Every structure is written in C-alpha cells, then in structure tokens.
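Chemist: One structure, as structure tokens, below. Some questions next.
The values are calculated or read from the model by the stated rules, or taken from the named source; none is laboratory data. Note that this is a predicted model, so its numbers are computed, not measured. Backbone-built Cβ (ideal geometry, glycine too); neighbour counts: all protein chains shown.
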Amino acid sequence: MRGADYVLKRLAFAVVTVFVAVTINFALFRLAPGSAVTNLSRVPHATQQLREALTKQFGLNKSKGAQYVIYLKQLLHGNLGVSFENEQPVSTNLRIALINTLPMVFLGTLFSIVIGTLTGVIAAWRRGTPTETLTVSSALGFYSMPTHWLGLMLIIIFAGILPTGGMTNEFLLNPPFWTHVRDLASHITLPSLTLGLVLYGEYTLIVRSAMLETLGEDYILTARAKGLRPWTIVRRHALRNAMLPVATLIALSLGYIVAGAILIETVFSWPGIGRAVYEAVLQRDYPMLQGAFLLLTISVVICNLVADLLYFKLDPRITE
Amino acid sequence: MSSAGIMIEAPTTPAQTRRGFVLRTLRAKPAATIGLVVLMIVVLVAVLAPVIAPYGLHTQVGPVFGSPSWSHPLGLDDGGIDMVTLLMWGARISLVVGFAATVVSMAIGGTVGVLAGYFGGVVETILMRITDYFIVVPDVPLMIVVAAIWGPSLFHIVIVIGILLWTSTARVIRAQVKSVRERVYVKRARALGAGHTRIVLRHVLPQVAPLLIANTVLTVAVAIFDETALSFLGLGDPSRVSLGKVIENAFERAAISAGAWWAIVPPGAVVALIILACSLVGGALEDALNPRLRVAHLSARTFRLRPLVGRSDSAL
Amino acid sequence: MTPLLEVEGLHVWFDLADGGELHAVQDVGLTLQPGERLGLVGESGCGKTTTALAIMGLLPPSASAAGRILLEGKDVLAGGEATIRPHRWVDIAIVFQGAMNALNPVRTIGAQIVEALELHEVVRGAAARDRAGDLLESVGIPARRAERFPHELSGGMRQRAAIAMALSCEPKVLIADEPTTALDVMVQAQILELLDGLCSDFGLALILVTHDLPVVAQLCDRGVVMYAGRIAERGTVEELYHEPHHPYTRLLFAATPDLDDLDQPIVSIPGAPPRLDRPLEGCPFRPRCDRAFERCETERPRLRGFGDGREAACHLDQLVSV
C-alpha cells in the first residue's frame, strides 16, 4: 500500500496524543490543589455504598502513581466515574449528550463547507469584480462575529418564527413520528444556522485563496490550450486541487467547532456536550467536566487523523 | 515561477525591506487602512473612557433595561446603567485582556519558534512535538476547565488565553526563522564567529519582525474572542466589566424576553468590529509577505481587445 | 499558397498592480506556411512566449491585445474565445516547458491524453485509452506508463508525454515553448530529434520559441529574433547566422560558445533589456549595442525589408552593405 509508513506514523502520533491528553486530564483534575477536585467519590448526597465503590474502583486511597494506572484501566472499561449532579455514570450522560450534539454540529458544518466552497469559488472566479468584494466582505463579517452573540441576534430576529430554545417542544407529549421530526427540525434550525454562519467565512477565504493559487498553475493553461471550456476546467482541474487544503482546514476547524458548540448550546439551551460542559462548570461537577473534556479532546484527535489520511489519499504527490 | 505562463517583471521595490513595510502595505490595501483606522478609534475611545464616558460606570440613571432615548442613545442595561458608558469601559477591559494575552502568547510562541527554527535538530523536534500536542487539544474546553479550577480573575484569564494561543505563532515563526537561517549573511556572521544571541537579535529577529507583527494582530482578534466566550460562560472576572461580561449580564437577566435588544446587539457589534479590523490588518500584512507573483490564467474575465493600432512608429 | 498562420501588427499590454501598463509585445508580425519551421528567438522577457500565447488566445485576464491573427485566413483574435476555441488542439497545439506543473499533478498522464481525445471526439472510451497508449509509444514512452502521475516521470519523459498529448488531435501547427530548457543536454538532444521526426512525419508546421540558438539552428528553417517586445530581425537560419544585420542578432549568435573552437573568447552582451512599462525613445537596444551612434538615440528604427522575407530594424543597414 502506498505510503504505509505514512499512515502508521500518523496513527502512532494520534495514539500518543490521546495518551498525552489522558495524562493531562488526570494531572489537571487529580493533581490540582483543592480536595474537591481530587476526589471522584465525593458525589454529593451519595450513599456510603457508592462512595466506597468509587473509592475502590479508582483507588482513591492509594498513591498518585497507582491512581494513574487505575485511572487508565478504568478508562479502558469506559468507566469515567459518577456525575456529582445527577448521580448517573458520566459515560451515560456523555453518550446522551453526544447523540444530541452530533446532528446539530453536522448540519452546521455541512452548511459552512458547502456555502463556503461555493462562495470561495465564486470569489476567485470573479476576481477583481464587486462580486468578489461582496463575497469576501460577508465572509469576513460573519467570521468576525462572536458565536454566542450571533446566536442571540438570530434569536432576536427569529423569535416567534422559529423555536429558540431546547431540542424539542416539551409540551408535545408522545407526538406522532412526523410531528416529532418536524419539531426536531424546527428546533435544530437556528443552532445549526448559527454554527454554519460563523464557520463558513473561513472556508470562503481558504477556498478562494486555493483557487487563485491553482488558477495560476501551468496545467490550467494547458487545459485551456486543449480547448476545454472555462467552467469545465474549473470543475475538473482546478476544484480538485483547490479542495486539498479544505480537507486540512476541516480538521483544524474542529477545535473551533467544539468551542462553537459549547457557546451555541448554551445560548439555545441545546442539551448536548457543550451544554454539559457549561453546566458541569457551573455546578463544579468535576467528574463530568473531566469526562467531557477527555471526550472532546479524543474526538478532535480522531478527526485530525481522519483528515490527515484523507489528504494523503487525495493528493498522490504525498509519498513520505 | 510559471514557465509556461508569463512572469510579469513589474518594476517595484522589494516588499521585504523592513522599514516602512507595514505602512506601505496598509497604503496599498484600502481594506487594511479602514481596519487600522477603526482599531485606532476604538483604542482611543477605550483609553479615554474614564474621561469621555457620558455617565458613571456604576451609576444607575434610569429603569432596568430602559429604552434608547436622546439622552441614552443605546438605552440602559439590566442595572439601569447607560449602555454607551458600558461600551466604552467594556472596550477598555476587553482590549486590555486581548493585548495582554497576546503579549503572553507572542512571548511563548515567538521564543519557541525562534529556538526551534534556529537550533534545529533535537531542540526543534522536541519543541515541535510539544506544539503539536497543544494544537490538538481543543482550546475553549481547556480554557474553561483551567479557568473553572483556577478561579476567575483578570490575571488568570490572560494567562489561560495566552497559554493556548501561542501554537500558531510558534509554527509560523519557526518556518520563517529556518529560511532566514539559511541566508548568506547569517552564515557569514557565523563564520566570523558571532555568538548565537547576537545573530538572533541582529539578523534573525528583524527579518522575522513583519511576520510577527502580522501574527500578533491576528492573535489579538482571537484573544478578544476567547475573552468574550469565557465571560459569556461565567468564567470572566466578575469585578470587571468587559464587553463579554456586558453580553453575559444581558443574557443572564433575560434581556431578549424584555425586548431589550440594545443591551445585546451593541456590545457584540463592537467586538465583531474589533475582530474584523484586526483580521483585515493582519490579513493584509500576511498577504503582503507572501506575494502572489503568478498571474491567474483563468477567470470570468478574459483579456481585452483594443482597436487596431496604426504602424508602429506612432508614439506608443 | 495561403499561409497557415499570419500575425499582423500584434500588440499585447499587461495591467500592472500600480495601475500602469507593460507593453510586452509591440507590433509583431509573422507568417507560417504549412510544414514550415519557424524559430522565435530572444532573451527572457522579450515577448516571445507572450506572442505564442496570444496566437492561441491564451492571454491572461490582465492582458489586452490588438492586431490580427489569421488562422487559415480567419481572424481569431478579433473573434475572441468563441472563435479560437474550436481550433485549439485540432488545428494548433502547444507544448510548454515540461516542468512539474504543465501537466495536472493529480491526474494520470493517460487520463489527460484521453481527455483531449474525447473532448475533440477523435475516439472515446476504451478506444481512446488504446490510442493514448499508441501516442505514448510513438514518443518513446511505454504504453503502460499511462497509469502514472506526472511526478513519477522524469523531466524528459514528461516533455515527451506533453508532446504526445499535443499531437493527439493531429494539429497542423505545433508551438513548442522552450521545449528543452530545464532538461539536461542528452535529453535535450533526444527531444529535439523527436520533434524533428514528428514534424517531418506528420508534415507539421512548427513554431519553436526559445532563447537557445543551437536548437533553432538544428530544427528550424526560418527565424525571427525578438528584442524588448519588438522584432529585431528575421530571415532564414543561415542568413541570421552568417549574415546578421542587427547587432543583437550578431551578438546573440556570437555569445553561443562553439565547442569546436575552444580558443574563441567568450562573448556576452552586457547590460539588461529595457523596462517596458514606459515609452522608449530611440532604439531599445542602444544601451547595449556596440555599433550605436547618434541617430539610435532619438529615432526608433523601423523594420526594413531586404526582399525575400529578410527584414531588420536597425539604422545600420542603411550604412552597411552586406
């Protein structure tokens, strides 16, 4: 397989990074000063039984070194402790939250990539015209807006037209399937729109820049010389090459997407991972905080890895 | 260089001379000039806030969420305080945090970048690996966690933001330092026995400065955004009023339900403006440092035709 | 006989970033008969590549042009993109310097040749792939290399592949822009031999754009020497070599070292070409000319004919009889 060692190297890097993240996680929460943080078994209102079980599971009465090893072991079993707030396993809470977040983030990201690419291509194609200025200005404008503020603005504008909070209408009891779907759809609109608008600008700029770069390459001239029509050249030769940086950008954006999700979910009361982090902070629910942070870091690592491999697959020139 | 295409040998002065580089770039691009002017106005207002603010920062001058009126063009916030005053003071705090965090980030990132680029080898590998790990960890969650554990104060916020923003600077500076290191005059200086410090200070840093400036401006934008985000999530310094805090207060006190859009829209608009201005200026500087000499072979426009010219000797 | 290609009074300007204009090609004309081989010679930046691109309508959006370009009697410059495009590749094709990026790096060379074939409906599908393979063989590349990407081939092979692609639709005119620059000497010789053979076999007319004189001497019948966007001299290759009128032509040919005469002093032309973004007074070559006199400073020399396609733009030819 081409570049098997490249793939292996990236894989190894990802694994090591996860390991480093886990360690940082441990250090941050267990070694930080303040007993509230160090003790996973201090679940408020917990029964003595629960406390003892947690102490034993996480070896909280042993040395830090031993705790670390036990922590790793528990991680492999998917045991992240118990939430201080609702006394459920952290992993369960997180799983539910993640399932709520993913569709919203997915839609928003899709929107931003599609609109961003479209506007980027148009801006490059119509270089030096007012169209380009307008496209780039809008992109920069939305890109500069603080995520949460944009969400609030959308709420102000669309209040009454679209639901502005929560994932579903709580007053709909046992709705029929399609009503439920429509309800979800109307609730997901504003949050994902906010995410899409905040993110698309970066894609516009990158795609435009990559397109301009590509359109200056010799093979574009060759394609013209062959008699291809301009739009065919853009589609078949330029776009493919110009999209390569987009793959990398998607990975790099993931950090922003995660941050954006936190802010958006707080504004729209969306019961996802972001909101879970926010509420964990407010309530000083350290096991949740620790678990959520770990989950977010690992997902970014995985997405970076996927993006690396994707880029590798798309560009035949990379052989190292 | 495109050999098949055309290299236009436009007679211009080289863009890389340090002196006046920033000014020249800004003059060439109107967008950047606008950005700079906006920034200067905002900074001026922020610096003069104590003097020019129309009302007291903690003085209640009307009802909660009072509507805009002639005496209060932007209305009142949840404490009955004049919004214009809040914006001025808020800009002050936000800018302070933004600049301070950027300084921290530049110090770390610049040092790492210069060390890694200049010494290469093992030093570079170690520093770059560390950088890579920092890049992958998502900033805002980490910021949230650290701020939550450490406690809210302006100083903590500045440090927390600074600790996460240095990575892009480090990478960019390293690349530039590596290329500068290979230049003839650096090698000559080494051959003449100049010490590392001297070379770095006298030869490397000046060449890297324009890029550092561009990166700094862009970092300020991100720092201000981060401060806004942290404040919004309740992790900002509660005793200081930053623009982020103004938005957070409004959100907490249900400004939207009260219909008090003026408590939310202006502070965010100011933040957006600052970030936009920084992006324009920083972006223009970055573009100027990577000039695209290549001509686009294809675009919606095509080359133009002119009417036939007479025989060559007529003045052309 | 109607010339295959006629260029009359061609001017090309480029927009500059500061608002000015670069007058890259100034009143250039040439004719090409079927099967004829013309060398377009000059230093970098003299406007020869721009002329070649203008002929095919490939100028960038920042350019403007004036003049007439007649392809088999039809003005393709005035007609714009719509007029020239049907002729591209099927009547007139171009080969660029085979550097890394003249071929699309993310598509196989076979696919790129097939693209040309299918676009101009020569053949489609499997037949096209076979034909691509044959074309590659005809330039000395094993057919199975069609699956390769450009970066997997050496510089010489890339150049051959580009030639194969250019000939895929059997054009009447081939423009070769610096086909041997950036190749090492051995490979250069092979490419030239290839071009020579192909042009003879298919009766192709050739415009060879180059700064490299021995190449022109080897391959071409006639030559056009350009300087600072203008034509300095034209004639047959022998005439240019043995009896140059224009001092630039003479110095150009003298500057090429002769391996047979190692004692010959190395001649180079001092100085640099003039800037083309402002109007010039007098002869553009004057600052570097070894035979300049007063008139050269104030009056620009016109292109004078000496009969039989022989022309030169120099005040000297009034004084010197050849």
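Chemist: Of all the residues that make up region A:189-213, how many are among the β-branched types (Val, Ile, Thr) and either at the interface with chain B (Cβ under 9 Å from one of its Cβ atoms) or touching a strand residue (DSSP E or B) at 6+ places or on another chain (Cβ under 6 Å) (or both)?
Modeler: Taking region A:189-213 as the starting set, the residues that turn out to be among the β-branched types (Val, Ile, Thr) are A:189, A:194, A:198, A:204, A:206-207.
Now drop any that are not either at the interface with chain B (Cβ under 9 Å from one of its Cβ atoms) or touching a strand residue (DSSP E or B) at 6+ places or on another chain (Cβ under 6 Å) (or both), which leaves A:189.
Of the residues in that region, 1 qualify.
Chemist: Answer yes or no: is there a residue in region B:186-208 that is closer than 16 Å to residue B:97 by Cα, surrounded by 13 or more Cβ atoms within 10 Å (Cβ to Cβ) and modelled with pLDDT of 80 or more. Even if it seems obvious, please write down each step before you answer.
Modeler: As a first pass, look at region B:186-208 and keep what is closer than 16 Å to residue B:97 by Cα: none.
No, that holds for no residue.
Chemist: When the residues of region A:273-286 are narrowed to those that are assigned to a helix (DSSP H, G or I) and at pLDDT below 80, which ends up farthest from the other protein chains (Cβ to nearest Cβ)?
Modeler: Step one: list which residues in region A:273-286 are assigned to a helix (DSSP H, G or I), which gives A:273-282, A:286.
With the extra rule that they be at pLDDT below 80, the set shrinks to A:281-282, A:286.
Details: A:281: 5, A:282: 6, A:286: 9 Å.
Selected residue: A:286.
Chemist: Kindly evaluate residue A:3 against the criterion of being modelled with pLDDT under 80 and either under 21 Å from the mean Cα position of the chain (by Cα) or more than 20 Å from residue B:144 (Cα to Cα) (or both). First the steps, then the outcome.
Modeler: Values: modelled with pLDDT under 80: yes; either under 21 Å from the mean Cα position of the chain (by Cα) or more than 20 Å from residue B:144 (Cα to Cα) (or both): yes.
Yes: the conditions hold for residue A:3.
Chemist: Working carefully through the options B:33, B:25, find the one that is at pLDDT 80 or above, within 22 Å of the chain's Cα centre (by Cα) and either among the hydroxyl-bearing types (Ser, Thr, Tyr) or within 30 Å of residue C:182 (Cβ to Cβ) (or both). So that I can check it myself, show each step before the final result.
Modeler: Working: B:25 fails: at pLDDT 80 or above.
After ruling out the rest, the residue left standing is B:33.
Chemist: Further question: Quick check on residue C:244: is it modelled with pLDDT under 85 and either out of contact with any helix residue (DSSP H, G or I) (no Cβ under 6 Å at 6 or more places or on another chain) or closer than 29 Å to residue C:197 by Cα (or both)? Steps first, answer last, please.
Modeler: Values: modelled with pLDDT under 85: no; either out of contact with any helix residue (DSSP H, G or I) (no Cβ under 6 Å at 6 or more places or on another chain) or closer than 29 Å to residue C:197 by Cα (or both): yes.
Against the criterion (modelled with pLDDT under 85 and either out of contact with any helix residue (DSSP H, G or I) (no Cβ under 6 Å at 6 or more places or on another chain) or closer than 29 Å to residue C:197 by Cα (or both)), residue C:244 does not qualify.
Chemist: Of all residues in region C:112-125, how many are modelled with pLDDT of 90 or more and either out of contact with any Phe, Trp or Tyr (no Cβ under 8 Å at 6 or more places or on another chain) or among the charged types (D, E, K, R) (or both)?
Modeler: Result for region C:112-125: 6.
Chemist: What single numbered condition from (1) buried (at least 16 other Cβ atoms within 10 Å of the Cβ); (2) on the phi < 0 side of the Ramachandran plot fails to hold for residue C:27?
Modeler: (2)
Chemist: Sticking with this one: Could you tell me which numbered condition residue A:98 fails, if it satisfies all but one of (1) surrounded by fewer than 18 Cβ atoms within 10 Å (Cβ to Cβ); (2) at pLDDT below 80; (3) closer than 26 Å to residue A:303 by Cβ; (4) touching a helix residue (DSSP H, G or I) at 6+ places or on another chain (Cβ under 6 Å)?
Modeler: (2)
Chemist: State yes or no: is residue B:241 more than 7 Å from chain A (Cβ to nearest Cβ), at pLDDT 85 or above and either closer than 30 Å to residue C:67 by Cβ or not in a helix (DSSP H, G or I) (or both)? Full working, then the answer.
Modeler: On the way: more than 7 Å from chain A (Cβ to nearest Cβ): yes; at pLDDT 85 or above: yes; either closer than 30 Å to residue C:67 by Cβ or not in a helix (DSSP H, G or I) (or both): yes.
So residue B:241 passes the test.
Chemist: Sticking with this structure for a sec: Could you say whether any residue in region C:199-207 is under 21 Å from residue C:248 (Cβ atoms), in contact with a strand residue (DSSP E or B) (Cβ under 7 Å, 6 or more places away or on another chain) and either in contact (Cβ under 8 Å) with a residue 60 or more places away in the chain or within 14 Å of chain B (Cβ to nearest Cβ) (or both)?
Modeler: Within region C:199-207, one or more residues are under 21 Å from residue C:248 (Cβ atoms), in contact with a strand residue (DSSP E or B) (Cβ under 7 Å, 6 or more places away or on another chain) and either in contact (Cβ under 8 Å) with a residue 60 or more places away in the chain or within 14 Å of chain B (Cβ to nearest Cβ) (or both).
Chemist: Continuing with the same structure: Out of (1) modelled with pLDDT of 90 or more; (2) more than 7 Å from chain B (Cβ to nearest Cβ), what's the single condition that is false for residue A:133?
Modeler: (1)
Chemist: Within region B:260-270, which residues are assigned to a loop (DSSP other than H, G, I, E, B) and facing another protein chain (nearest Cβ under 9 Å)?
Modeler: The initial filter retains those residues of region B:260-270 that are assigned to a loop (DSSP other than H, G, I, E, B), namely B:260, B:264.
Passing the criteria: only B:264.
Chemist: Can you pull out the residues in region B:98-131 that are farther than 10 Å from residue B:170 by Cα and within 14 Å of chain A (Cβ to nearest Cβ)? Full working, then the answer.
Modeler: Step one: of region B:98-131, the residues farther than 10 Å from residue B:170 by Cα are B:98-104, B:118-126, B:129-130.
Answer for region B:98-131, where residues must be farther than 10 Å from residue B:170 by Cα and within 14 Å of chain A (Cβ to nearest Cβ): B:98, B:125, B:126, B:129, B:130.
Chemist: For region B:231-240, how many residues are surrounded by 24 or more Cβ atoms within 10 Å (Cβ to Cβ) and within 17 Å of residue B:270 (Cβ to Cβ)?
Modeler: Within region B:231-240, residues that are surrounded by 24 or more Cβ atoms within 10 Å (Cβ to Cβ) and within 17 Å of residue B:270 (Cβ to Cβ) number 3.
Chemist: From C:154, C:200, which residue is surrounded by fewer than 18 Cβ atoms within 10 Å (Cβ to Cβ), out of contact with any helix residue (DSSP H, G or I) (no Cβ under 9 Å at 6 or more places or on another chain) and not basic (Lys, Arg)? Break it down stepwise before answering.
Modeler: Working: C:154 fails: out of contact with any helix residue (DSSP H, G or I) (no Cβ under 9 Å at 6 or more places or on another chain).
Exactly one of C:154, C:200 is surrounded by fewer than 18 Cβ atoms within 10 Å (Cβ to Cβ), out of contact with any helix residue (DSSP H, G or I) (no Cβ under 9 Å at 6 or more places or on another chain) and not basic (Lys, Arg), namely C:200.
Chemist: May I pose another question? Of the numbered conditions (1) at pLDDT below 90; (2) under 28 Å from residue C:182 (Cβ atoms), residue C:109 satisfies every one except a single condition; which is it?
Modeler: In the conditions (1) at pLDDT below 90; (2) under 28 Å from residue C:182 (Cβ atoms), residue C:109 misses (1) alone.
Chemist: Listed residues B:146, B:160; which is aliphatic (A, V, I, L, M) and either within 10 Å of chain A (Cβ to nearest Cβ) or touching a strand residue (DSSP E or B) at 6+ places or on another chain (Cβ under 9 Å) (or both)?
Modeler: On the way: B:160 fails: either within 10 Å of chain A (Cβ to nearest Cβ) or touching a strand residue (DSSP E or B) at 6+ places or on another chain (Cβ under 9 Å) (or both).
Going through B:146, B:160 in turn, just one is aliphatic (A, V, I, L, M) and either within 10 Å of chain A (Cβ to nearest Cβ) or touching a strand residue (DSSP E or B) at 6+ places or on another chain (Cβ under 9 Å) (or both): B:146.
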